[in-house]
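Structure record follows, encoded as C-alpha cells.
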Amino acid sequence: MGEVMKNKQVLFKDYVTGVPKESDLCIGESTIALKLPEGSNGILVKNLYLSCDPFMQFLMRKTEGHGVFSSYKPGAPITGNGVAKVLESNHPKFKKGDYVWGTTSWEEYAVLEKPDALFKIEHTDVPLSYYTGILGMAGVTAYAGFYEVCHAKEGERVFVSAASGAVGQLVGQFAKLRGCYVVGSAGSKEKVELLKTKFGFDDAFNYKEEHDLAAALKRCFPEGIDVYFENVGGKMLDAVILNMRLRGRIAVCGMISQYNLSEPEGVKNLMLLIDKRITMRGFVNFDYYPQYNKFLDTILPPIREGKITYVEDIAEGIESVPAALVGLFRGRNVGKQVVVLAHE
C-alpha cells in the first residue's frame, strides 16, 4: 500500500466576486498513501515550490473557466503552477527522482493522473524555484511577448507596465540585453527604485503619483514608444496609445486594472491604431510552450553569466498560501511570489 502520510492541502471554500480574500481559502489535512493507485498511468509527486499567479483569481469565480482552465471546485484543493519531485511514476515521460514543473494540485503530495503537460526539468544548475517563474510560465510569457509578438529591435523605445512583477522585470531586462531604451511603471516608490537600480531600467515612475499618465509617458518618451508590453489596460493603455510611434507594437499580456471591475473601462484612443498603423495583439503563453527549448537557449546563458537579475518574494510553508496568493492581487509582492513547501 505504501507509507501513509499526512497531507496538508489548500482548499477552495466557495466562488467569489470582486477581489479574493484570504478567507476564501483554508488549509485542510488529509492522508495519502505514497504509492500510485492500481492501474494509474500518472505520477506521484512531492510539491516543493508553488507559483502564485494573477490568472488564479479568475478560477475562483463561477464561470466556464478562463482559457484552458475551469473554475475551482468548492471544497477541493486548488491547482496552479509549481515545481515538484517525482516519487513514483507509471508514465513513460518521467521516472522516480525527476524534477518537473507545471500544473499541480496545491497540497504537499499529489497524484497527477494526466502529467503529459508537465515539463521535465533538465537543468538543475540554477535554483529549482526559478521554474515557478523565470524558467517557467512567467519567463515564457515575457519571451513570447517581447521576442515573438513585438519583434523588438536594437535601439527601440520600450515601455512595460506592472514592470516589477514576475513578467515585467524580465521583459525590461530582455529589452536592455537587446539594446533598447526601457521605462517601467509600478505602484510604489520601492518598486520604482528596484526597476532602476536592480533591473537596469533606464527610467521608471509610480503611476499612483502621476495625475496625468499621458504626460508622464511623454516625459519619459519625448520621441514616443515603439513597443509596449501591456499588463494593465484601462487608463494606462489609453495614455500609451497617445504616445505610440508610427508602426508601434503592443503585446497584450494582461489587463490587471480591469479584472475586478463590474463594468470594464472603455479605451477612447483606439482610432489612433489606424492613424499610427499600430499593431496590438493579445497572446497566451501556452501557445509558445512548443518553443520551450528555444526559450531556454535564449535565457539560460544570460542567467548563468549573471546578466539577468531575478527577484523572488518568498513565503514559507503551505499555511502561508492564502496570504501570499491574495496579496498578489493587491500588489503586495515585490518580484515573483513563490511559496516554499519543501526544499527537497
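The values are calculated or read from the model by the stated rules, or taken from the named source; none is laboratory data. Please read all numbers here as calculations on a predicted model, not as lab measurements. Don't worry about glycine lacking a Cβ; one is built from the backbone with ideal geometry, like all the others, and counts go over all protein chains shown. Ligands, DNA and RNA are excluded from the accessible area calculation, which covers all protein heavy atoms including side chains. Shrake-Rupley method; radii C 1.70, N 1.55, O 1.52, S 1.80 Å.
Return the percentage of antiparallel bridges among DSSP beta bridges fully within the chain, rounded to the nearest 5 %.
60
Rounded to a whole number of µm²/s, how large is the Stokes-Einstein D of segment 279-327 at 20 °C and 1.002 mPa s, given Rh as the Kirkwood radius over C-alpha pairs?
My calculation gives 149 µm²/s for D.
With a sphere of radius 9 Å drawn around the Cβ of residue 9, what net charge do the other residues whose Cβ falls strictly inside it have (Lys, Arg +1; Asp, Glu -1)? If you can, show how the numbers build up before the last one.
Numbers: positive: 8; negative: 29, 107, 108.
After counting each charged neighbour, the total is -2.
Roughly speaking, to the nearest percent, how much of the chain's 1.4 Å accessible area is carbon and sulfur? Please list the in-between numbers first.
On the way: 7860 of 15420 Å².
Carbon and sulfur: 51 percent of the exposed surface of the chain.
Would you grab the residues whose amide H sits under 5 Å from the one on residue 182? Only those 5+ places off in sequence or on another chain, please, with H modelled 1.01 Å from N.
Amide H to amide H, under 5 Å and 5 or more residues apart or across chains, residue 182 pairs with 158, 202, 203.
How big is the chain on each of its three principal axes, counting only the C-alpha atoms and giving the largest first in Å?
The Cα atoms of the chain stretch 68, 44, 34 Å along their principal axes.
From the phi angles alone, apply the Karplus equation (6.51, -1.76, 1.60; θ = phi - 60°) to segment 76-86 and give each ³J(HN,Hα) in whole Hz, x where the residue is Gly or Pro.
Result, rounded to whole Hz: 10, x, 6, 10, x, 6, x, 10, 9, 10, 7.
Filter 93/176; 191/276; 191/235; 62/93 down to the pairs with a C-alpha to C-alpha distance above 26 Å, please.
93/176; 191/276; 62/93
Using a simple charge model, +1 on the beta-carbon of Lys and Arg, -1 on the beta-carbon of Asp and Glu, nothing else, what dipole does the chain show about its Cα centre, in debye to the nearest 20?
The dipole magnitude comes to about 600 debye.
Counting heavy atoms of the protein chains only and a 1.4 Å probe, report the per residue accessible area for the chain as a whole number of Å².
With all protein chains present, the chain gives 45 Å² per residue.
Along the charge dipole of segment 33-127, which of 43, 54, 72 sits closest to the positive end, that is, farthest toward it, with unit charges on the beta carbon of Lys, Arg, Asp and Glu (+1, +1, -1, -1)?
Positive-end residue among those listed: 72.
Can you give the net charge of the other residues whose Cβ lies under 11 Å from the Cβ of residue 199, counting K and R as +1 and D and E as -1?
Here the charged neighbours net out to +2.
Running a GNM on the chain with Cα contacts under 10 Å, which residue among 125, 212, 116 ends up with the highest mean-square fluctuation?
125
Taking H placed 1.01 Å from N in the peptide plane, check which residues at least 5 places from residue 315 or on another chain put their amide H under 5 Å from its amide H.
338, 339, 340
Roughly how many whole Å is it from the C-alpha centroid of segment 252-318 to that of segment 140-175?
Each part reduced to its Cα centre gives a spacing of 7 Å.
Which is farthest toward the positive dipole end of segment 202-344 among 252, 326, 338, measuring Cα position about the Cα centre, with Cβ charges +1 (Lys, Arg) and -1 (Asp, Glu)?
252
I need to check one value: relative contact order of the chain, counting alpha carbon pairs closer than 8 Å and at least 6 residues apart, in percent.
Numbers: 737 pairs, mean separation 58.4, N = 344.
In percent, rounded to a whole number, it is 17.
What figure in square angstrom, to the nearest 10, would you give for the accessible area of residue 17 with a 1.4 Å probe?
130
With point charges of +1 on the Cβ of Lys and Arg and -1 on the Cβ of Asp and Glu, referenced to the Cα centre of the chain, which listed residue (92, 162, 211) lies farthest in the positive direction of the dipole?
Checked the options; the winner is 211.
Along segment 34-51, what does the Karplus equation 6.51 cos²θ - 1.76 cosθ + 1.60 (θ = phi - 60°) give for ³J(HN,Hα), rounded to whole Hz, x for Gly and Pro?
Here the 3J(HN,Hα) series is 7, 7, 5, x, 4, x, 6, 10, x, 9, 9, 10, 9, 6, 10, 9, 10, 9 Hz.
Let me know the shape class of segment 137-286, please: from the alpha-carbon gyration tensor, a ≥ b ≥ c as square roots of the eigenvalues, rounded when a/c is under 1.5, otherwise prolate if a/b is greater than b/c, or oblate.
In terms of gyration-tensor shape, rounded.
Which whole-number percent gives the relative contact order of segment 13-118, counting Cα pairs below 8 Å spaced six or more residues apart?
It rounds to 32 percent for segment 13-118.
Roughly how many debye, to the nearest 20, is the charge dipole of segment 137-286 about its Cα centre, given +1 on each Lys and Arg Cβ, -1 on each Asp and Glu Cβ, and no other charges?
Values: 19 positive and 17 negative charges, 61 e Å.
The calculated dipole for segment 137-286 is roughly 300 debye.
Spelling out what I want: for every residue of segment 121-128, take phi, set θ = phi - 60°, compute 6.51 cos²θ - 1.76 cosθ + 1.60 (Karplus), and round to whole Hz; glycine and proline get x.
Per-residue couplings from phi come out as 7, 9, 10, 10, 7, 10, x, 4 Hz.
Compute a Gaussian network model of the chain, connecting alpha carbons closer than 10 Å, and tell me which residue from 284, 158, 326 fluctuates the most.
Greatest mean-square fluctuation among the candidates belongs to 284.
Once both axes come from the Cα atoms, what is the angle between helix 292-304 and the longest principal axis of the chain, in degrees from 0 to 90, rounded to 10?
Helix 292-304 sits roughly 80 degrees off the main axis of the chain.
So, counting K/R as plus one and D/E as minus one, what does the shell of residues with Cβ under 14 Å around residue 30 add up to?
-1
Do you know the relative contact order of segment 137-286, to the nearest whole percent, from alpha carbon pairs under 8 angstrom that are 6+ apart?
Averaging sequence separation for qualifying contacts and normalising by length gives 22 percent for segment 137-286.
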